[in-house]
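Worksheet: the structure to be examined is printed underneath.
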Amino acid sequence: MGEKVTITYQDKTIDLPVIFGSEGEVAVDITRLRAETGIITLDPGYANTGSCTSSITFMDGEKGILRYRGIPVEELAKHATFKETAYLLINGEPPCQAELNRFSILLNDHSLVHEDMQSFYQNFPRQSHPMGILSGMVNALRFFYPELQTLEEEINITVTRLLAKIRTMAAMSYKISQGHKVVYPRPDLAYCANFLNMMFDSPVRPYVIDEDVVNALRVFWILHADHEQNCSTSAVRLVGSARVNLYASISAGISALWGPLHGGANQAVIEMLRSIESGGYTIDQAVRRAKDRNDSFRLMGFGHRVYKTYDPRAKIMKKMCDKLLAKLNIKDPLLDLAKELEEKALSDDYFVDHHLYPNVDFYSGIVLRAIGIPTNMFTVMFAIGRLPGWIAQWKESADDPNWRIARPRQIYTGPPKTNFVSIDQR
Ligand code: ACO
């Protein structure tokens, strides 16, 4: 018999099995807890709750490790394309040449967006945030591409459609927000270059593809491609658990990612650095405010639920930031401010004691600025990168033989049973 944890509550004792992950993580399986003892567990924010078993991504927050299907993210960032990384996450293994060719053809074939969708874009109010638009449009894809005959066909085609169209839809929303003509995808361009061309090509200034910029985008997307059971991925799994279609589940993930405590932090970091640059507050004031429990201000791009050391993605991003800006001969004052802020925070006892380090979002905004992406599109860039991970996680949960609708419990703290008294009798 394997290891167990024994829980005794009042006159009931239960032995719960201990289960181990392939990297030695340990969990107590509490599936039988309520049925046999009447008690549940309470874990606000699910900080100690494993919502599933998963073979997609491994991370160790204490050691700063991140691997997709066992492969360190550092290796993928060095050697893989984003397309290969997406294939790896979704299918479990890196593609062979024939599989990659087929995947590329499918992505090209599905890269156009239904022309009627343009009218949707045109009718969003001008100031709409691109994340809200993207979430709405991804959900709307279902109406343009109704359910297919077989479940397998439905899943495979929907997955390819999403991966192919999200680039086009994101670039389209930018072009339309600028009042410019939409640029169509080009089959001769690879995934990252194709997106950049759709974003920035124009009849008056044809976009010249720069390999350093393409490479920066490739690394950015690979670093964001999956991160196990984070807020948006959990949203995708939770919504998907009700057996709604994949578009709706991904749309929920996009909405969750939008939040400034999650993917929206990349935009919030730049806004914070801009406030410092414009004299709104100094770096010392920012650090002081972040430490003040009575002030809701936080250092954006700092801290992480899982990483208690430097986020491995932030390490790569910081290096890439220096390299890219040097290559493009850009002097971004925000980079200097970010480095100064990081140095001040990391030498402050509060941040050391709280294990608060820069996360992936701290330097990513500066990389995106150098590429030419407008600030309000930063989180959309994150969403495009995260899409393969969301899809892989959705597929894994859909294929799980133990799949059940996600339905947490609660501890009710409201009033006891109270009778209704009508207004005239009160
Ligand atoms: N600045 C100052 N203090 C912080 C910060 C921060 N950025 N992050 C956490 N803390 C402090 C909290 O005040 C708390 O202090 P206390 O224990 O003395 O009360 C302690 O650290 C733990 O904070 P929690 O909020 O409980 O940590 P949690 O794991 O719930 O939150 C989160 C993690 C949301 C990322 C948080 O660190 C944060 O708000 N960071 C800023 C936003 C950000 O950068 N988000 C991007 C995360 S990466 C991603 O999602 C892609």
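The values are calculated or read from the model by the stated rules, or taken from the named source; none is laboratory data. Since the model is a prediction, treat every value here as computed from it, not as a measurement. A quick note on method: Cβ atoms are made from the backbone with ideal geometry, for glycine too, and the neighbour counts reach across all protein chains shown. Quick note on the areas: whole protein, heavy atoms, side chains included, nothing else; ligands and nucleic acids left out. Shrake-Rupley method; radii C 1.70, N 1.55, O 1.52, S 1.80 Å.
Scanning the stretch 373-426 for residues that are surrounded by fewer than 15 Cβ atoms within 10 Å (Cβ to Cβ) and closer than 30 Å to Asn245 by Cα yields Asp399, Asp400, Pro401, Asn402, Arg404, Ile405, Arg407, Pro408, Arg409, Gln410. Evaluating Lys181 against the criteria (1) open to solvent by 10 Å² or more (accessible area, probe 1.4 Å); (2) not in a loop (DSSP other than H, G, I, E, B) leaves one unmet condition, (2). The set of residues in the stretch 244-266 being assigned to a loop (DSSP other than H, G, I, E, B) and either touching a helix residue (DSSP H, G or I) at 6+ places or on another chain (Cβ under 8 Å) or over 29 Å from Glu147 (Cα atoms) (or both) consists of Asn245, Trp258, Gly259, Pro260, Leu261, His262, Gly263, Gly264.
Can you tell me which residue within the stretch 254-267, out of those that are of a type in the set (A, V, I, L, M) and surrounded by 17 or more Cβ atoms within 10 Å (Cβ to Cβ), is nearest to the ligand (Cβ to nearest atom)?
Restricting to residues being of a type in the set (A, V, I, L, M) and surrounded by 17 or more Cβ atoms within 10 Å (Cβ to Cβ), the top hit is Ala265.
The C-beta contact set for the stretch 128-155 (first residue among the hydrophobic types (A, V, I, L, M, F, W, C), second residue open to solvent by 50 Å² or more (accessible area, probe 1.4 Å), distance under 6 angstrom, 6+ apart or interchain) comprises Met131/Trp258; Ile133/Phe124; Phe144/His114.
Criterion first (within 13 Å of the chain's Cα centre (by Cα) and among the polar types (S, T, N, Q)) does Ser251 satisfy it?
Yes, satisfied.
Residues in the stretch 124-156 that are part of a loop (DSSP other than H, G, I, E, B), closer than 22 Å to Ala398 by Cβ and hydroxyl-bearing (Ser, Thr, Tyr): Tyr145, Thr150. Annotation note: of Arg243, Arg298, Arg289, Arg218, the sole residue that is under 22 Å from Ile90 (Cβ atoms) and open to solvent by 50 Å² or more (accessible area, probe 1.4 Å) is Arg243. Filtering the stretch 52-64 to residues that are open to solvent by 40 Å² or more (accessible area, probe 1.4 Å) and more than 16 Å from the ligand (Cβ to nearest atom) leaves Cys52, Thr53, Ser54, Ser55, Lys63. Note on the stretch 64-123: enclosed helices (runs of 4 or more DSSP H) holding 3 or more residues that are farther than 27 Å from Val138 by Cα and at pLDDT 95 or above are 73-79.
Of all the residues in the stretch 305-330, those that are within 12 Å of the ligand (Cβ to nearest atom) and either assigned to a helix (DSSP H, G or I) or out of contact with any Asp or Glu (no Cβ under 6 Å at 6 or more places or on another chain) (or both) number 7. Screening Lys331 with (1) farther than 30 Å from Asp201 by Cα; (2) open to solvent by 40 Å² or more (accessible area, probe 1.4 Å) gives one miss only, at (1).
Residues that are out of contact with any Phe, Trp or Tyr (no Cβ under 9 Å at 6 or more places or on another chain) and either within 12 Å of the ligand (Cβ to nearest atom) or at positive phi (or both): list the helices (runs of 4 or more DSSP H) wholly contained in the stretch 332-392 that include at least 2 such residues. Spell out how you get there, then give the answer.
Working: elements: 333-346, 349-353, 360-371.
Filter on the stretch 332-392 gives 349-353.
Within the stretch 268-278, restricting attention to residues that are part of a helix (DSSP H, G or I) and open to solvent by 30 Å² or more (accessible area, probe 1.4 Å), the residue that is nearest to Gly132 (Cα to Cα) is Glu271. Against the condition among the hydroxyl-bearing types (Ser, Thr, Tyr), more than 23 Å from Val367 (Cα to Cα) and open to solvent by less than 30 Å² (accessible area, probe 1.4 Å), how does Tyr281 come out, does it pass? Taking the combined requirement at face value, the residue does not satisfy it. Residue pairs whose Cβ atoms lie under 8 Å apart, separated by 6 or more positions or on different chains, with the first residue in the stretch 240-269 and over 20 Å from Phe362 (Cα atoms) and the second of a type in the set (Phe, Trp, Tyr), are Gly240/Trp394; Ser241/Trp403; Leu246/Trp394; Ser249/Trp390; Ser249/Trp394; Ile250/Trp390; Ile250/Trp394; Gly253/Trp390. Scanning the stretch 281-301 for residues that are under 11 Å from Lys344 (Cβ atoms), touching a Leu at 6+ places or on another chain (Cβ under 9 Å) and either of a type outside the set (Gly, Ala, Ser) or more than 9 Å from the ligand (Cβ to nearest atom) (or both) yields a count of 4.
Any residue at all in the stretch 342-363 that's within 30 Å of Asp226 (Cβ to Cβ), small (Gly, Ala, Ser), surrounded by fewer than 16 Cβ atoms within 10 Å (Cβ to Cβ) and over 24 Å from the mean Cα position of the chain (by Cα)? So far as the stretch 342-363 goes, no, none of its residues is within 30 Å of Asp226 (Cβ to Cβ), small (Gly, Ala, Ser), surrounded by fewer than 16 Cβ atoms within 10 Å (Cβ to Cβ) and over 24 Å from the mean Cα position of the chain (by Cα).
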